[in-house]
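The values are calculated or read from the model by the stated rules, or taken from the named source; none is laboratory data. Note that the structure is predicted; figures quoted are calculated from it, not measured. Methodologically, a virtual Cβ is constructed for each residue, glycine included, from the backbone with ideal geometry; neighbour enumeration extends over all protein chains shown.
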Amino acid sequence: MGYKLTHFKLTSTLFTRFFIDRTNAEPYVKAMNNSIDSLHDLQIMARYNLWANARLYDCVAGLDDDAYRQDKGAFFGSVHATLNHILVGDRVWTSRIVGEYSGIKSLDQILHEDLSTLRCERIAMDENIQLMVDRLAVGLDGGFDKEVRYRTVSGGEKHASPARHIFLTLFNHQTHHRGQVHCLLTQAGIQNPPALDIIFMLREMMDTAESA
């Protein structure tokens, strides 16, 4: 059984959002749990990814619009552009894994001008990344060793990589740019930007398991 993708046209843009249809996902998700000992490292990273992005967006929501959009010299300039770029990267990589065209024309593409819409898609993307990883972890859809063939966004060079390497790249890319946003938050005067170390999430998972 492969992924079924549903396309949602956004009224304010020409871009397409990709979501995995969860119709037949529940039996596989039920077979999973969040016990650290039972999860593959990539499954832990998928959960960390969702956790870290939620914390970061909570903090970003406290910025005024000028601070959110101001170019402070990061690679993509502003918090706004950097958060959009992270989502661009995720859309590119996840679309490659399921064999769909991402609709991405450039790596600095702005997918959403307003933070609220961007955050909604961020949450949806993170939930779907976790579902994709969970399915691959139990050997569905080709498993982690599935070969993914793709072309680069800039230049169109052909490449092939196993799905596990794609997800390692995706999670590393997010961590890299979340660090840039974290620095921009400090520059904007945020006194206590969120701690994003993965060990804090792992401790939360262990505490939850012990109290269950």
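So here's what we get for this one:
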{"read-out": "Matching entry among LEU111, LEU136, LEU83 (being part of a loop (DSSP other than H, G, I, E, B), modelled with pLDDT of 95 or more and hydrophobic (A, V, I, L, M, F, W, C))", "value": "LEU111"}
{"read-out": "GLY77 without any contact (Cβ under 8 Å) to a residue 24 or more places away in the chain and of a type in the set (Gly, Ala, Ser)", "value": "yes"}
{"read-out": "Qualifying residue in region 128-143 (condition: surrounded by fewer than 16 Cβ atoms within 10 Å (Cβ to Cβ), under 15 Å from the mean Cα position of the chain (by Cα) and free of Cβ contacts under 8 Å to residues at least 12 places away in the same chain)", "value": "no"}
{"read-out": "Total residues in region 163-181, condition over 12 Å from ARG96 (Cβ atoms) and either β-branched (Val, Ile, Thr) or out of contact with any Leu (no Cβ under 7 Å at 6 or more places or on another chain) (or both)", "value": "11"}
{"read-out": "Residue in region 199-208 that is out of contact with any strand residue (DSSP E or B) (no Cβ under 7 Å at 6 or more places or on another chain), under 14 Å from LEU56 (Cβ atoms), assigned to a helix (DSSP H, G or I) and not β-branched (Val, Ile, Thr) present", "value": "yes"}
{"read-out": "Test for HIS159: is it at pLDDT 95 or above and not in a strand (DSSP E or B)", "value": "no"}
